[in-house]
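Accompanying notes for the structure given below.
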Amino acid sequence: MRMTFTRRLLGLLLLTLASGCEDGTAPAVSISVSVAPASASLLAGGLQDFTGTVANDPAAQGVTWSISGCTGGAAVCGGLTNVTSTTTTYLAPATVPPSSLGVTATSVADNTKSFTATVAFTGLGAGVVYLFPPSVPLLAGGTQSFTATVENGAWDVTWAITGCTGGADVCGELTNVFSSSARYTAPATIARDTEIGITATSVNDPRHSTTATVTLSATRLSGRIAFAGDFQIYSMNAGGSGLTRLTADPYQNGQPAWSPDGARIAFWSNRAGNRQLFAMNADGSGVTQLTNDPTADCFRPAWSPDGTKIAYTRSIGSSFGGGGLQNGDIWVINADGSGPVQITNEVTGDSQDLEAWDYWPTWSPDGTKVAFQRTRWRRSCSRWGCGYAPYGPAIVAANADGSSAQVLVGGLMPAWSPDGTRIAFATEPAV
């Protein structure tokens, strides 16, 4: 009996080994599918890349792709693009679907094996990109700041110069580049009038972009000079030719200042009574009044580098001599005269140092700061009587909103270097 049982067990073992190896191959291993990422959150109109991997795929046949868990076409469920046997890009619809859905990868070798990545929607999409200003003329070496806003709350964009082939010396360059703003500088020399584009593209959805047009003019601002003589304003070519009288009236006009694009000239005039700011076209036409302040003189206009604002001095008292106490501060208005904002108000309260007169504003090339001349006035007495006298003029620099004002050095009439790293100024002769 024992011998019979042992023989039967040995025969069963040999039969099992024979059945597993009769064709010389190992038993089949199960195929499995995975997708990376396994889940994603998207805005409407957003994009997401997916990669499918098949384990134990004998012929590396890869996967097929499909959208699951959603009924409707691409307008409702989105679509798949860039489809290969291992990867695809899911493009969400322009409006958010009613619920989450899946992106499914199915093994070609065994279509019973698949994996579904979950796509959830977090809100409205990036939408349209708005760019300001939409167009601008620039002279050689001119600068312009651009601001981008993206619809539905998304605000990140990338920036590029388009419509131009060449480096910075041909196409200009972008500096101070941020997620919603950038600054363009035109090339130093322009062979001929031409147009280029400044393009802002949504980071969340690169399908959305907007291009602002920059018209580059071969004429340099330095090719024409504006100046005042006998209280009238003239312009001429840099060599002295082409003298043109721009104002011809019985009033006083002075301190002309070119706009950055060379199209307008700001100046002061007493044609409204006291000195106020006006602007006119480069040929003297289209005169418009910018300030209307009967209680104070407004003068010494200075355009911001992007041409959107004008800084000036607003003065109460004897602003052009006469021995009275002078009270002047720097103000800023929009280029059309709207939105006046006071950015300095230097009242000391010291009986010997009664007031500061801020004058001669000048913008830094990047438009973030304003430098100006500050002259203090104090009461002074001698055997001939008492009065107010200026002392200690200094150069002050402040942020464009007037904050963080800092006295730099004693001096007069500041002027920024083109790169914004230095300030030139005049000094009073020693007495």
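The values are calculated or read from the model by the stated rules, or taken from the named source; none is laboratory data. Note that the structure is predicted; figures quoted are calculated from it, not measured. Here Cβ is always computed from backbone atoms with ideal geometry, including for glycine, and neighbour counts include all displayed protein chains. Areas reflect the complete protein model, heavy atoms only, side chains present, ligands, DNA and RNA absent. Shrake-Rupley method; radii C 1.70, N 1.55, O 1.52, S 1.80 Å.
With the condition kept exactly as written, say whether any residue in the range 246-264 is surrounded by 12 or more Cβ atoms within 10 Å (Cβ to Cβ), touching a helix residue (DSSP H, G or I) at 6+ places or on another chain (Cβ under 8 Å) and outside any strand (DSSP E or B). Yes: one or more hits.
Could you please find all residues in the range 207-236 being among the polar types (S, T, N, Q), at pLDDT 80 or above and farther than 20 Å from PRO133 by Cα? GLN232, SER235, listed by residue number. For the range 79-98, the set of residues classified as assigned to a loop (DSSP other than H, G, I, E, B), without any contact (Cβ under 8 Å) to a residue 40 or more places away in the chain, touching a strand residue (DSSP E or B) at 6+ places or on another chain (Cβ under 8 Å) and closer than 17 Å to THR118 by Cβ consists of PRO97 only. All of THR104, THR86, THR143 fail the test of being surrounded by 13 or more Cβ atoms within 10 Å (Cβ to Cβ), on the phi < 0 side of the Ramachandran plot and either hydrophobic (A, V, I, L, M, F, W, C) or modelled with pLDDT under 90 (or both), apart from THR143.
Quick test of your reading of the structure: ILE198 fulfils all but one of (1) modelled with pLDDT of 90 or more; (2) closer than 20 Å to SER135 by Cβ; (3) surrounded by fewer than 20 Cβ atoms within 10 Å (Cβ to Cβ); (4) β-branched (Val, Ile, Thr). Name the failing condition by number. Status for ILE198: all satisfied but (3).
Restricting the search to the range 316-334, which residues are surrounded by fewer than 18 Cβ atoms within 10 Å (Cβ to Cβ) and at pLDDT 60 or above? Result: ILE316, GLY317, ASN334. When ALA74, ALA18, ALA38 are screened for being farther than 24 Å from PRO206 by Cβ and either among the acidic types (Asp, Glu) or modelled with pLDDT under 90 (or both), only ALA18 passes.
Checked against the criterion of being without any contact (Cβ under 8 Å) to a residue 60 or more places away in the chain and either part of a strand (DSSP E or B) or open to solvent by less than 50 Å² (accessible area, probe 1.4 Å) (or both), the candidates ALA212, ALA182, ALA188 yield just one match: ALA182.
Of all positions in the range 63-75, none carries a residue that is part of a strand (DSSP E or B), closer than 30 Å to ILE198 by Cβ and not hydrophobic (A, V, I, L, M, F, W, C). In this structure, ASP205 does satisfy being open to solvent by less than 50 Å² (accessible area, probe 1.4 Å), of a type outside the set (Val, Ile, Thr) and over 21 Å from SER145 (Cβ atoms).
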